[in-house]
1. Thinking of region 78-314 as a set of Cα atoms, what percent of all their pairs are more than 27 Å apart?
2. Tell me, what ³J(HN,Hα) does each residue in region 156-162 have, in order and in whole Hz, if you take phi through Karplus 6.51 cos²θ - 1.76 cosθ + 1.60 with θ = phi - 60° and put x for Gly and Pro?
3. In this model, which of LYS356/LYS412; LYS141/LYS264; LYS143/LYS287 are farther than 28 Å apart at the alpha-carbon?
4. Roughly how many whole Å is it from the C-alpha centroid of region 280-313 to that of region 86-119?
5. Which ³J(HN,Hα) values in Hz, rounded to whole numbers, follow from the phi angles of region 385-397 under the Karplus curve 6.51 cos²θ - 1.76 cosθ + 1.60, where θ = phi - 60° and Gly and Pro get x?
6. Write down the radius of gyration of region 33-153 and its Dmax, each obtained from C-alpha positions, in Å.
7. What fraction of the DSSP beta bridges in the chain is antiparallel, stated in percent and rounded to the nearest 5?
8. What translational diffusion coefficient, to the nearest whole µm²/s, does region 282-415 have by Stokes-Einstein, given a Kirkwood radius computed over alpha-carbon pairs, a temperature of 4 °C and 1.567 mPa s viscosity?
Amino acid sequence: MADTLLQPHSSADTRLKERAAAVVPGGMWGHQRAAAVPRGFPQFFAGGDGARVRDVDGRDYIDFMCSWGPIILGHRHPAVDEAVRRQFQAGDCLDGPTEHLVVLAEMLVETIPHAAWAMFQKNGADAMTTCVTIARAATGKRKVLAAAGAYHGAVPWCSPSLVGVTAEDRAHVVNYTYNDVESLTAAAAEAGDDLAAIVVSAFRHDISRTQELPSREFAAAARALCDRAGAALVLDDVRAGFRLDLGGSWERVGVRPDLAGYSKAIANGQPLAAVTGGEAFREAAAKVFVTGSFWYGGAPMAAAVATLTELHRVNAPERLEAAGRRFAAGLTEQASRHGFDLEISGPPAMPMVLFKDDAERLLGEAFCQEALARGVYLNHRHNMFLSLAHTDAVIDEALEATDAAFAALAVKTRD
């Protein structure tokens with residue numbers, strides 16, 4: 001069984017990976033974060049529906065990655081698909097935006113308490129870079145504080161890789177430790193009178209480590225430091241936006257940013273990102289030059305309008321939290337019964353599931369492989385995501401499979 005688990009995809013998926021290796025730098029291992037998934041996992045998919053995805057070899061899985069975050073309503077949600085279909089029939093990439101741009105901006109301003117305006121891009125990296133650009137334009141300053149190890153996009157000023165990045169690209173970025181008020185205060189002191197922005201993640205979600213929700217003390221300190229320096233507090237809500245609180249993830253700690261970046265779940269899988277900001281930053285936002293060839297496509301904005309409408313209708317954060325708690329409780333009970341000690345951290349809707357005393361994440365990887373063989377798609381290094389398609393029945397079905405996965409893992413670890 002071990003060989004089957006490590007190399008379960010020997011047909012279409014394998015052939016596509018071999019073809020990709022010839023024409024994609026690094027093949028799938030070096031592209032699109034393939035190195036972050038457990039060994040033996042499929043790299044190519046044929047479709048998805050609700051809480052499930054299907055790989056190119058025809059295998060179905062209950063999906064707990066949700067396309068690494070964008071799927072919040074479920075794959076192929078009817079209302080979103082219909083909105084996209086209608087706009088595509090009328091035209092998507094036109095000489096300017098469709099009416100959906102105005103409708104969506106109005107919805108974001110109405111939904112997000114700190115927002116007086118909104119503007120749109122395609123990726124989270126676009127949104128976060130735009131936030132930094134606006135902050136510098138508004139303040140006339142250069143220094144940006146960012147947490148060490150945090151991910152804000154695959155662009156030079158904040159890329160997790162230093163390959164191809166120059167010292168000049170990061171000359172004005174000062175690091176601090178997330179949730180550490182003393183570290184944040186020291187970083188602000190280092191920036192001095194040149195502080196343009198403090199960038200904060202919705203919560204600490206660095207890869208392959210225990211997640212941390214922001215403390216109220218840390219959030220308040222970030223807000224106070226920005227107010228004192230006349231700098232912008234920038235919330236990276238790209239990953240967590242709309243899953244924790246429709247008004248912004250830091251509503252939960254009672255602190256509102258000046259600028260925020262959104263993407264992932266904003267359009268249930270359609271390519272879109274947004275920046276929202278307060279009135280004090282409107283003029284700077286109007287003056288900076290940011291644009292992209294496909295930024296104003298009508299179909300993704302139509303999808304976002306449909307997505308936000310549904311999220312409001314069902315009170316999505318409450319339902320997602322309940323689903324996450326059900327899943328975590330089940331995993332915790334199963335692990336204990338089979339002799340394992342789990343650490344589940346972060347918001348219930350976006351859990352990181354780690355085995356204690358598993359520094360190399362080998363036990364976690366083996367568990368994911370066992371779960372995959374039983375039709376459940378998990379991750380051992382990255383936080384996972386739940387969607388509204390993860391009903392009680394779907395979670396219970398997944399837990400039946402994970403129980404068998406724990407049992408199989410227990411046998412292997414005893415042998």
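Just so you know, all these numbers are worked out from the coordinates, no wet-lab data involved. This one's a predicted model, so the numbers in the text were calculated from it and none came from an experiment. Ideal geometry is used to build each Cβ from the backbone, glycine not excepted, and the neighbour counts take in all protein chains shown.
1. Details: 8922 of 27966 pairs.
The answer is 32 percent, as a whole percent.
2. x, 5, 9, 4, x, 10, 9
3. Working: LYS356/LYS412 17 Å; LYS141/LYS264 30 Å; LYS143/LYS287 20 Å.
Checking Cα-Cα distances, LYS141/LYS264 exceed 28 Å.
4. That distance is 5 Å.
5. Working through the residues one at a time gives 9, 10, 10, 5, 6, 7, 6, 4, 5, 5, 5, 5, 5 Hz.
6. According to the Cα coordinates of region 33-153, Rg and Dmax are 18.9, 55 Å.
7. Details: 22 of 39 bridges.
Taking every DSSP beta bridge with both residues in the chain, the antiparallel ones total about 55 percent.
8. Working: Rh = 17.2 Å.
Diffusion coefficient, whole number: 75 µm²/s.
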